[in-house]
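Accompanying notes for the structure given below.
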Amino acid sequence: MMRSLWSAASGMIAQQKNMDVVAHNLANVNTYGNKKVRAEFQDLIYQTLRDAGGTSGNGTQYPQGLQIGLGTRLAATNRIFTQGPLQTTDNPTDVGIQGEGFFQIQLPDGTTAYTRDGSFKIDSDRRLVTSDGFLLIPNITLDENASIDSLVISSDGRVSNTPSGGQQTEIGQINLVRFTNPQGLYAYGKNLFLETAASGAPIESEPGQDGAGVLTQNTLEMSGVQVVEEMVNMIISQRAYESNSKAITTSDSMLEIANALKR
(Lines give C-alpha, C1' and ligand atoms only; values in the text may rest on other atoms or scores of the structure.)
Protein backbone atom coordinates (compact mmCIF):
# COMPACT_ATOMS: atom_id res chain seq x y z
CA MET A 1 0.00 0.00 0.00
CA MET A 2 2.86 2.38 0.80
CA ARG A 3 4.24 1.99 -2.73
CA SER A 4 1.25 3.78 -4.20
CA LEU A 5 1.66 6.69 -1.80
CA TRP A 6 5.28 7.27 -2.71
CA SER A 7 4.76 6.61 -6.43
CA ALA A 8 1.91 9.12 -6.58
CA ALA A 9 3.96 11.61 -4.58
CA SER A 10 6.81 11.30 -7.08
CA GLY A 11 4.27 11.94 -9.84
CA MET A 12 3.08 15.13 -8.14
CA ILE A 13 6.67 16.34 -7.70
CA ALA A 14 7.42 15.59 -11.36
CA GLN A 15 4.32 17.42 -12.59
CA GLN A 16 5.16 20.43 -10.42
CA LYS A 17 8.55 20.60 -12.14
CA ASN A 18 6.82 20.15 -15.49
CA MET A 19 4.63 23.15 -14.68
CA ASP A 20 7.77 25.12 -13.80
CA VAL A 21 9.11 24.38 -17.29
CA VAL A 22 5.78 25.30 -18.95
CA ALA A 23 5.60 28.54 -16.97
CA HIS A 24 9.16 29.41 -18.02
CA ASN A 25 8.24 28.86 -21.68
CA LEU A 26 5.17 31.08 -21.41
CA ALA A 27 7.12 33.77 -19.58
CA ASN A 28 9.56 33.93 -22.52
CA VAL A 29 7.00 33.95 -25.33
CA ASN A 30 8.26 37.40 -26.40
CA THR A 31 11.98 36.85 -25.72
CA TYR A 32 14.09 37.29 -28.85
CA GLY A 33 15.78 34.10 -29.99
CA ASN A 34 14.29 32.08 -27.12
CA LYS A 35 13.93 28.33 -27.58
CA LYS A 36 11.27 26.12 -26.04
CA VAL A 37 12.33 23.88 -23.14
CA ARG A 38 10.79 20.41 -22.86
CA ALA A 39 10.69 18.42 -19.63
CA GLU A 40 11.61 14.75 -20.09
CA PHE A 41 10.80 12.07 -17.53
CA GLN A 42 12.00 8.57 -16.63
CA ASP A 43 10.35 5.83 -14.61
CA LEU A 44 12.07 4.97 -11.34
CA ILE A 45 13.57 1.65 -10.28
CA TYR A 46 11.18 -1.31 -10.16
CA GLN A 47 10.63 -3.67 -7.27
CA THR A 48 10.97 -7.16 -8.73
CA LEU A 49 8.72 -9.74 -7.08
CA ARG A 50 9.37 -12.42 -9.69
CA ASP A 51 11.90 -12.62 -12.51
CA ALA A 52 10.84 -13.42 -16.05
CA GLY A 53 12.09 -16.89 -16.98
CA GLY A 54 12.09 -18.06 -13.39
CA THR A 55 11.10 -21.63 -12.62
CA SER A 56 7.56 -22.18 -11.38
CA GLY A 57 6.47 -24.86 -8.93
CA ASN A 58 5.73 -27.45 -11.64
CA GLY A 59 9.11 -27.06 -13.34
CA THR A 60 7.97 -24.70 -16.10
CA GLN A 61 9.22 -21.16 -16.68
CA TYR A 62 7.31 -17.96 -16.03
CA PRO A 63 6.91 -16.21 -19.42
CA GLN A 64 6.62 -12.83 -17.73
CA GLY A 65 8.11 -11.20 -14.70
CA LEU A 66 6.30 -9.51 -11.84
CA GLN A 67 7.54 -5.98 -11.26
CA ILE A 68 5.95 -2.98 -9.56
CA GLY A 69 7.10 0.48 -10.53
CA LEU A 70 8.00 3.07 -7.91
CA GLY A 71 7.14 6.30 -9.69
CA THR A 72 8.82 8.82 -11.94
CA ARG A 73 11.41 11.58 -11.95
CA LEU A 74 12.48 14.49 -14.12
CA ALA A 75 15.43 13.20 -16.16
CA ALA A 76 16.34 16.21 -18.31
CA THR A 77 15.19 19.54 -19.69
CA ASN A 78 15.73 19.52 -23.45
CA ARG A 79 15.98 22.85 -25.29
CA ILE A 80 14.48 22.60 -28.79
CA PHE A 81 16.66 24.63 -31.18
CA THR A 82 14.19 24.90 -34.04
CA GLN A 83 14.11 28.01 -36.20
CA GLY A 84 11.94 30.76 -34.76
CA PRO A 85 9.92 33.14 -36.96
CA LEU A 86 11.75 36.22 -38.26
CA GLN A 87 9.98 39.54 -37.71
CA THR A 88 10.82 42.67 -39.68
CA THR A 89 11.83 45.59 -37.45
CA ASP A 90 13.35 48.11 -39.92
CA ASN A 91 16.12 48.70 -37.36
CA PRO A 92 19.55 48.44 -39.06
CA THR A 93 21.24 47.03 -35.92
CA ASP A 94 18.77 44.14 -35.66
CA VAL A 95 20.10 40.93 -37.19
CA GLY A 96 18.27 37.61 -37.44
CA ILE A 97 19.82 34.21 -38.11
CA GLN A 98 18.09 32.07 -40.73
CA GLY A 99 19.39 28.56 -40.05
CA GLU A 100 21.90 27.18 -37.56
CA GLY A 101 24.41 29.21 -35.59
CA PHE A 102 25.02 31.61 -32.73
CA PHE A 103 26.50 35.08 -32.41
CA GLN A 104 29.62 35.33 -30.25
CA ILE A 105 29.45 37.71 -27.28
CA GLN A 106 32.25 38.78 -24.95
CA LEU A 107 31.32 38.89 -21.26
CA PRO A 108 33.00 41.40 -18.89
CA ASP A 109 35.29 38.67 -17.50
CA GLY A 110 36.54 37.83 -21.00
CA THR A 111 34.45 34.65 -21.35
CA THR A 112 32.82 34.04 -24.72
CA ALA A 113 29.05 33.50 -24.64
CA TYR A 114 26.69 32.63 -27.47
CA THR A 115 23.25 33.89 -28.40
CA ARG A 116 20.54 33.81 -31.06
CA ASP A 117 19.35 37.27 -29.98
CA GLY A 118 20.44 39.75 -32.64
CA SER A 119 18.90 42.90 -31.11
CA PHE A 120 22.19 44.78 -31.07
CA LYS A 121 22.73 48.39 -30.03
CA ILE A 122 25.42 51.04 -30.60
CA ASP A 123 27.33 52.11 -27.47
CA SER A 124 29.12 55.41 -26.80
CA ASP A 125 32.21 54.12 -28.59
CA ARG A 126 30.10 53.30 -31.69
CA ARG A 127 30.53 49.54 -31.19
CA LEU A 128 27.85 46.86 -31.68
CA VAL A 129 26.80 45.54 -28.27
CA THR A 130 23.95 43.58 -26.69
CA SER A 131 21.20 45.15 -24.58
CA ASP A 132 23.47 44.63 -21.54
CA GLY A 133 26.43 46.32 -23.20
CA PHE A 134 28.35 43.12 -23.96
CA LEU A 135 30.56 43.34 -27.05
CA LEU A 136 29.87 41.41 -30.23
CA ILE A 137 32.80 39.23 -31.33
CA PRO A 138 34.59 40.22 -33.52
CA ASN A 139 34.32 43.86 -32.55
CA ILE A 140 32.35 45.95 -35.05
CA THR A 141 32.91 49.72 -34.77
CA LEU A 142 31.15 52.27 -36.94
CA ASP A 143 33.21 55.04 -38.55
CA GLU A 144 33.12 58.32 -36.67
CA ASN A 145 31.07 60.22 -39.26
CA ALA A 146 28.86 57.32 -40.36
CA SER A 147 25.21 57.28 -39.35
CA ILE A 148 23.51 54.16 -38.00
CA ASP A 149 21.14 54.23 -40.98
CA SER A 150 24.14 53.73 -43.31
CA LEU A 151 24.98 50.40 -41.61
CA VAL A 152 24.72 47.44 -44.00
CA ILE A 153 25.05 43.81 -42.92
CA SER A 154 25.06 41.31 -45.78
CA SER A 155 23.74 37.76 -45.61
CA ASP A 156 27.31 36.41 -45.42
CA GLY A 157 28.19 38.63 -42.45
CA ARG A 158 30.12 41.44 -44.13
CA VAL A 159 29.51 44.75 -42.33
CA SER A 160 29.92 48.15 -43.98
CA ASN A 161 28.90 51.76 -43.44
CA THR A 162 29.08 55.05 -45.32
CA PRO A 163 30.86 57.99 -43.65
CA SER A 164 29.33 61.41 -44.23
CA GLY A 165 30.36 62.58 -47.69
CA GLY A 166 32.34 59.40 -48.32
CA GLN A 167 31.92 56.00 -49.93
CA GLN A 168 30.71 52.74 -48.48
CA THR A 169 33.47 51.13 -46.42
CA GLU A 170 33.70 47.58 -45.07
CA ILE A 171 34.32 47.70 -41.30
CA GLY A 172 34.13 44.05 -40.20
CA GLN A 173 32.88 40.52 -40.56
CA ILE A 174 30.29 38.78 -38.35
CA ASN A 175 30.91 35.05 -38.02
CA LEU A 176 28.62 32.41 -36.58
CA VAL A 177 29.47 29.36 -34.49
CA ARG A 178 27.73 25.98 -34.36
CA PHE A 179 27.92 23.16 -31.84
CA THR A 180 27.80 19.42 -32.29
CA ASN A 181 25.31 19.22 -29.43
CA PRO A 182 23.63 22.61 -28.83
CA GLN A 183 21.32 20.98 -26.27
CA GLY A 184 24.41 20.59 -24.09
CA LEU A 185 24.98 24.35 -23.81
CA TYR A 186 24.67 25.97 -20.37
CA ALA A 187 21.88 28.56 -20.17
CA TYR A 188 23.58 31.59 -18.62
CA GLY A 189 20.60 33.94 -18.70
CA LYS A 190 20.33 37.26 -20.57
CA ASN A 191 19.62 35.19 -23.74
CA LEU A 192 23.18 33.82 -23.54
CA PHE A 193 24.64 30.30 -23.53
CA LEU A 194 28.04 29.00 -22.46
CA GLU A 195 30.10 26.16 -23.86
CA THR A 196 30.24 22.91 -21.85
CA ALA A 197 31.97 19.57 -22.26
CA ALA A 198 28.65 18.14 -23.48
CA SER A 199 28.11 20.79 -26.17
CA GLY A 200 31.48 20.27 -27.80
CA ALA A 201 33.82 22.99 -28.99
CA PRO A 202 32.40 25.87 -31.08
CA ILE A 203 32.72 25.49 -34.85
CA GLU A 204 33.22 28.97 -36.34
CA SER A 205 32.46 29.87 -39.93
CA GLU A 206 31.15 32.67 -42.08
CA PRO A 207 27.37 32.78 -42.43
CA GLY A 208 26.21 30.50 -45.21
CA GLN A 209 29.35 28.34 -45.04
CA ASP A 210 29.87 24.86 -43.55
CA GLY A 211 26.24 24.45 -42.47
CA ALA A 212 25.89 27.82 -40.75
CA GLY A 213 22.80 29.92 -41.38
CA VAL A 214 22.66 33.28 -43.12
CA LEU A 215 22.08 36.72 -41.62
CA THR A 216 19.05 38.91 -42.28
CA GLN A 217 19.41 42.57 -41.39
CA ASN A 218 16.41 44.58 -40.11
CA THR A 219 14.82 41.43 -38.65
CA LEU A 220 14.77 39.61 -35.30
CA GLU A 221 14.20 35.96 -34.54
CA MET A 222 11.19 35.71 -32.27
CA SER A 223 10.60 33.11 -29.55
CA GLY A 224 10.05 29.52 -30.64
CA VAL A 225 7.41 29.03 -27.93
CA GLN A 226 3.89 28.26 -29.19
CA VAL A 227 1.35 29.59 -26.68
CA VAL A 228 -1.41 27.16 -27.67
CA GLU A 229 0.93 24.19 -27.34
CA GLU A 230 2.07 25.34 -23.90
CA MET A 231 -1.53 25.82 -22.77
CA VAL A 232 -2.28 22.23 -23.76
CA ASN A 233 0.82 21.06 -21.87
CA MET A 234 -0.40 23.03 -18.87
CA ILE A 235 -3.78 21.29 -18.94
CA ILE A 236 -2.14 17.86 -19.25
CA SER A 237 0.21 18.63 -16.35
CA GLN A 238 -2.64 19.89 -14.20
CA ARG A 239 -4.75 16.79 -14.82
CA ALA A 240 -1.79 14.49 -14.16
CA TYR A 241 -1.11 16.32 -10.90
CA GLU A 242 -4.76 16.01 -9.96
CA SER A 243 -4.81 12.28 -10.79
CA ASN A 244 -1.73 11.63 -8.65
CA SER A 245 -3.26 13.52 -5.74
CA LYS A 246 -6.38 11.39 -6.16
CA ALA A 247 -4.22 8.25 -6.01
CA ILE A 248 -2.80 9.44 -2.68
CA THR A 249 -6.29 10.13 -1.33
CA THR A 250 -7.51 6.70 -2.46
CA SER A 251 -4.49 4.94 -0.93
CA ASP A 252 -5.07 6.79 2.31
CA SER A 253 -8.72 5.65 2.32
CA MET A 254 -7.64 2.05 1.76
CA LEU A 255 -5.19 2.30 4.66
CA GLU A 256 -7.95 3.72 6.81
CA ILE A 257 -10.18 0.73 5.98
CA ALA A 258 -7.34 -1.69 6.77
CA ASN A 259 -6.67 0.01 10.11
CA ALA A 260 -10.38 -0.23 11.01
CA LEU A 261 -10.31 -4.05 10.75
CA LYS A 262 -8.84 -4.36 14.24
CA ARG A 263 -11.97 -2.95 15.85
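The values are calculated or read from the model by the stated rules, or taken from the named source; none is laboratory data. Note that the structure is a prediction, hence the values are computed from the model and not measured. FYI the Cβ positions are ideal-geometry reconstructions off the backbone, even for glycines, and counts take in every protein chain you see. Only protein heavy atoms, including side chains, enter the accessible area calculation; ligands, DNA and RNA are left aside. Shrake-Rupley method; radii C 1.70, N 1.55, O 1.52, S 1.80 Å.
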*Going by the conditions given, is Arg79 surrounded by 14 or more Cβ atoms within 10 Å (Cβ to Cβ), of a type outside the set (A, V, I, L, M, F, W, C), in contact with an Asp or Glu (Cβ under 8 Å, 6 or more places away or on another chain) and closer than 23 Å to Thr196 by Cβ?*
no
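From the list Ser160, Ser155, pick out the single residue that is over 30 Å from Leu26 (Cα atoms), outside any loop (DSSP other than H, G, I, E, B) and either open to solvent by 10 Å² or more (accessible area, probe 1.4 Å) or of a type in the set (Val, Ile, Thr) (or both).
Numbers: Ser155 fails: outside any loop (DSSP other than H, G, I, E, B).
Step by step, each of Ser160, Ser155 is checked, and only Ser160 is over 30 Å from Leu26 (Cα atoms), outside any loop (DSSP other than H, G, I, E, B) and either open to solvent by 10 Å² or more (accessible area, probe 1.4 Å) or of a type in the set (Val, Ile, Thr) (or both).
When the residues of the stretch 46-76 are narrowed to those that are in contact (Cβ under 8 Å) with a residue 24 or more places away in the chain and assigned to a loop (DSSP other than H, G, I, E, B), which ends up most open to solvent (accessible area, probe 1.4 Å)? First the steps, then the outcome.
Applying the first criterion (in contact (Cβ under 8 Å) with a residue 24 or more places away in the chain) to the stretch 46-76 yields 46-47, 68-76.
Cutting the leftovers down to assigned to a loop (DSSP other than H, G, I, E, B) gives us 70-71.
Numbers: Leu70: 55, Gly71: 23 Å².
This residue is Leu70.
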*Mind checking which strands (runs of 3 or more DSSP E) fall wholly inside the stretch 167-263 and carry at least 1 residues that are open to solvent by 40 Å² or more (accessible area, probe 1.4 Å)?*
169-173, 176-178, 186-189, 203-205, 214-217
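This table checks each residue for (1) in contact (Cβ under 8 Å) with a residue 60 or more places away in the chain; (2) in a strand (DSSP E or B); (3) within 24 Å of Leu185 (Cα to Cα).
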| residue | (1), (2), (3) |
| --- | --- |
| Pro92 | yes, no, no |
| Val95 | yes, yes, yes |
| Glu100 | yes, no, yes |
| Asp109 | no, no, yes |
| Tyr114 | yes, yes, yes |
| Asp132 | no, no, yes |
| Asp143 | no, no, no |
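Considering only the stretch 1-49, state which residues are among the basic types (Lys, Arg) and either under 25 Å from Leu255 (Cα atoms) or touching a Phe, Trp or Tyr at 6+ places or on another chain (Cβ under 6 Å) (or both).
First, the residues of the stretch 1-49 that are among the basic types (Lys, Arg): 3, 17, 35-36, 38.
Those that are among the basic types (Lys, Arg) and either under 25 Å from Leu255 (Cα atoms) or touching a Phe, Trp or Tyr at 6+ places or on another chain (Cβ under 6 Å) (or both): Arg3, Lys35.
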